[in-house]
Amino acid sequence: MTNNLILRINGMEVKAREGMTILEAARSAGVFIPTLCYCPGLTSEGACRICLVKIEEKKKLHPACRTPVEDGMVVITDDAEIDRVRRVTLELILSNHDFNCLLCPKSGACRLQALVNRIGFDEKRLNRLKWVARDLPIDTSNPFFDFNPNKCVQCGICIRTCREIVGVDAINMAYRGYQLKVSTFGDKPFKESVCVSCGECVERCPVGALIPKNTQHPTREVKTTCAYCGIGCGLYLGVRGDAIVKARGDHSNPVNRGELCVRGRFGYHFVHSPDRLSSPLVRAYDPLERTLHGINGAAAALGKPVTRPLVKQQGEFVEISWEQAIKYLSSTLVHYKGDQFAGLSSAKCTNEENYLFQKFVRAVMGTNNVDHCARL
Ligand code: SF4
Ligand code: SF4
Ligand code: SF4
């Protein structure tokens, strides 16, 4: 697409495409305009009024995130009047914000905190504006994240994310005036709503209102592919010490473009689970059946005396090596044919591995009894 409009921003000539907003044109030219409710990839609402700019020959200030560029437009993004208006706007947002930053998990990555550092506020005026701080209950019902409405700045990013990216529309603004807040349908806890716990809203919330449970900040990130299913979403695993503490989508990955489902975003705890199987386990049969199904033969084939613990005894699994497991399986499977056998494959395998598995079940085992955990 060609640049076909020319405007001036802070005296600098800027080329822009038709349909761009002032904010997009300014950012493409390296001009910073502060924002709070703006989020790339979502429709702009102009709700926070932090990005107000001046346009020559127009009386009012205009939100840069919603105002389309025009050829010949002259824009000022920064002067004493704009600064004063932004400061008062910020003070209004802060006036009922529970900003105990030291204890807030978002501290250091919070957009409101960054705005306060950049724009500043008048303490006396803020104290006059302050009304009774909100003390709404924190919704901890979701197993993966908490919602603290007292820290919400009502930017609407979560609502637009759920509607425009996820397509679930689980949340919206409810009530009016001072009571306005983000709410599920019927103001039910998140767990009782249609929310699918994908965490896309949590990822985009600019403040500490939507926060993953047990937040820990990673010290480094590792780029990888989600191991949960064959789609293969790209993600970054945040690591602290030798533990995974966070996952976020890889925006450069063409498969998921930065989005993740609940498993990819919050399901990494299995990696460190003490219950995780790290070697194959054998559960054999009762002593009578053992002879029938050749377990003694299997053990003998491994060069082990039959007294070796290859059998599930009194409800206990026995750990063996992969080599032993494969030998055991190949010697055991010869005793089954057709509908005596069924195979269940895994979404964690690649398409090719699943193809080979169904081929094995159909062509070698002679049955169509084959299925996949993603269908369950
Ligand atoms: S949301 Fe931001 S401004 Fe508010 S308490 Fe947390 S870190 Fe501080
Ligand atoms: S977690 Fe996902 S489904 Fe639930 S409210 Fe947020 S964006 Fe919507
Ligand atoms: S919960 Fe977060 S994203 Fe949603 S409106 Fe409040 S501050 Fe914005």
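Which helices (runs of 4 or more DSSP H) does segment 269-355 wholly contain that include 2 or more residues that are at pLDDT below 85, loosely packed, with under 11 Cβ neighbours inside 10 Å and polar (S, T, N, Q)?
none
Given the options R49, R27, name the one that is among the basic types (K, R), in contact with a Ser or Thr (Cβ under 9 Å, 6 or more places away or on another chain), within 27 Å of R160 (Cβ to Cβ) and open to solvent by 50 Å² or more (accessible area, probe 1.4 Å).
Among R49, R27, only R49 is among the basic types (K, R), in contact with a Ser or Thr (Cβ under 9 Å, 6 or more places away or on another chain), within 27 Å of R160 (Cβ to Cβ) and open to solvent by 50 Å² or more (accessible area, probe 1.4 Å).
Name the residue that is farthest from the chain's Cα centre (by Cα), counting only residues in segment 153-174 that are closer than 16 Å to P189 by Cα and more than 8 Å from ligand 2 (Cβ to nearest atom).
If we take residues in segment 153-174 being closer than 16 Å to P189 by Cα and more than 8 Å from ligand 2 (Cβ to nearest atom), then A174 is farthest from the chain's Cα centre (by Cα).
Please find, within segment 207-225, the residue that is nearest to ligand 1 (Cβ to nearest atom) out of those that are open to solvent by 30 Å² or more (accessible area, probe 1.4 Å) and within 12 Å of F144 (Cα to Cα).
Taking the candidates together, the pick is T215.
Just to be sure before I move on: is S252 open to solvent by less than 20 Å² (accessible area, probe 1.4 Å) and not in a helix (DSSP H, G or I) in the structure I sent?
Judged against the criteria, S252 is not a match.
Restricting attention to segment 356-367, which residues are surrounded by 13 or more Cβ atoms within 10 Å (Cβ to Cβ) and either over 33 Å from the mean Cα position of the chain (by Cα) or hydroxyl-bearing (S, T, Y) (or both)?
Across segment 356-367, the qualifying residues are F360, V361, R362, M365, G366, T367.
The values are calculated or read from the model by the stated rules, or taken from the named source; none is laboratory data. Computed from a prediction, not measured in an experiment: that's the story for all the values here. Positions of Cβ are backbone-derived with ideal geometry, glycine not excepted, and every protein chain shown enters the neighbour counts. The accessibility values were calculated without ligands, DNA or RNA, using every heavy atom of the protein model including side chains. Shrake-Rupley method; radii C 1.70, N 1.55, O 1.52, S 1.80 Å.
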